[in-house]
Amino acid sequence: MQEIEYIKQEALKILAENDFGSSYVKIFGKSGVFTQAAKKIKDVPEKNRPIFGQELNKAKKEIEQLLLEKRTEKSTRPAIKIDVTAPGKKRELGHLHLVSQAISEIVEIFNKLGFTLQSYPEIDWDYYAFESLNMPASHPARDEWETFFVKGEKDPKYGNLVLTPHTSNGQVREMERAKKPPIRMLNISRCYRRQIDISHTPMFHQFEGLLIDKKVTIGDLKGTFDYFTTRFFGPERVTRLRPHHFRFTEPSFEVDVTCGICLGKGCRLCKAGWLELGGAGMVHPNVLSSGKIDPKIYQGFAFGWGIERTIAMKTNLPDIRLLYQNDIRFLEQF
Ligand code: FA5
């Protein structure tokens, strides 16, 4: 029918020139082409009315289908035009955790002095953590390490298993591995103690140095610490040795570094100008004997320092627990 064809063509033209919403109104709305066409049925000769109605419905369905396709096509099309010349979005890059950064830096500094990194167990026998270090079973000095013990069978020679409370468990292990001096070991590992406050975490890291050779003196020990301090903290910071007591070194020291805020004058953070870095001393002859090294021929020095404390001292961190709270606002500052 010509009239129907004419209506269809009009609807197709509207579809081509308009978006979905306007096309719908112009084709099926109150004054739309199909509504107007339906009103004209009464003008069609009576005998032609049924066929006119059928054809009109057929055309309506076809146009409805096309309109539906237009809507789908619109919703899958991107809302914004792509500007291919616009610069790309930069992805934010993460970085190593402060502890990992400090470990790399420490390894590099001690490598330059000939110390090589070794790795010893984090869960170790009582023998290596205490007994071989001149701390026989039930010795009161063990209490200072506030140790976590692992439940289980006791080994007749090595005793219980413990979560290593310090990296000194690597000392006799290294002597057994190397068999003969010279030894220059760096042992970095996680340590565990029942402690938590602004300067203690239950899990922390220590780095342990052990140097054994002939004619090793306290001067070598002090020189090594000065070298480390200058490299790690900067030339304006200095170290000092304070007498202390450890069962596995004789003499023993606590090593202090001048405070990063007041540089030794004394301030609210450090009180007297110094911050404690860790313990150190000349290896005790009994420990050398545990490692089957003759103390009459060889001497050595050892030290064990906390990595989290070292970071705190470098960045003037008020509370080392911040390092383990996974707060991105804190971590991304470094
Ligand atoms: C020791 O652990 C000795 N093994 C160090 C040593 C090694 C002495 C070799 C002589 C020869 P101390 O308990 O003081 O010592 O711990 C050494 C350092 O580890 C501390 O100064 C501190 O920097 C760090 N440290 C200890 N406990 C914690 C803790 N809970 N959280 C964070 N850091 C800690």
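The values are calculated or read from the model by the stated rules, or taken from the named source; none is laboratory data. Note that this is a predicted model, so its numbers are computed, not measured. We place every Cβ from the backbone using ideal geometry, glycine too, and count neighbours over all the protein chains shown. Surface accessibility is based on the protein's heavy atoms, side chains included, excluding ligands, DNA and RNA. Shrake-Rupley method; radii C 1.70, N 1.55, O 1.52, S 1.80 Å.
Below is a table of values for the structure above.
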{"item": "Filter pass, VAL283 being within 15 Å of the ligand (Cβ to nearest atom), at pLDDT 95 or above, open to solvent by less than 50 Å² (accessible area, probe 1.4 Å) and in contact with a Gly (Cβ under 7 Å, 6 or more places away or on another chain)", "result": "yes"}
{"item": "Test: LEU117 is surrounded by 14 or more Cβ atoms within 10 Å (Cβ to Cβ), out of contact with any Cys (no Cβ under 8 Å at 6 or more places or on another chain) and either part of a helix (DSSP H, G or I) or of a type in the set (Ser, Thr, Tyr) (or both)", "result": "no"}
{"item": "Index of the failed condition, THR85 passing every other in (1) within 30 Å of ARG231 (Cβ to Cβ); (2) loosely packed, with under 12 Cβ neighbours inside 10 Å", "result": "(1)"}
{"item": "Filter result for GLY306 (out of contact with any His (no Cβ under 8 Å at 6 or more places or on another chain), open to solvent by less than 60 Å² (accessible area, probe 1.4 Å) and in the same structural domain as ILE106 (by TED's automatic domain parsing))", "result": "no"}
{"item": "Whichever residue in segment 106-155 is at positive phi and out of contact with any helix residue (DSSP H, G or I) (no Cβ under 6 Å at 6 or more places or on another chain) and, among such residues, is farthest from the ligand (Cβ to nearest atom)", "result": "GLY152"}
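Table: residues versus (1) among the basic types (Lys, Arg); (2) open to solvent by 30 Å² or more (accessible area, probe 1.4 Å).
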{"position": "GLU17", "(1), (2)": "no, yes"}
{"position": "SER22", "(1), (2)": "no, yes"}
{"position": "ILE27", "(1), (2)": "no, no"}
{"position": "ASP43", "(1), (2)": "no, yes"}
{"position": "ARG49", "(1), (2)": "yes, yes"}
{"position": "LEU56", "(1), (2)": "no, no"}
{"position": "LYS60", "(1), (2)": "yes, yes"}
{"position": "LEU66", "(1), (2)": "no, yes"}
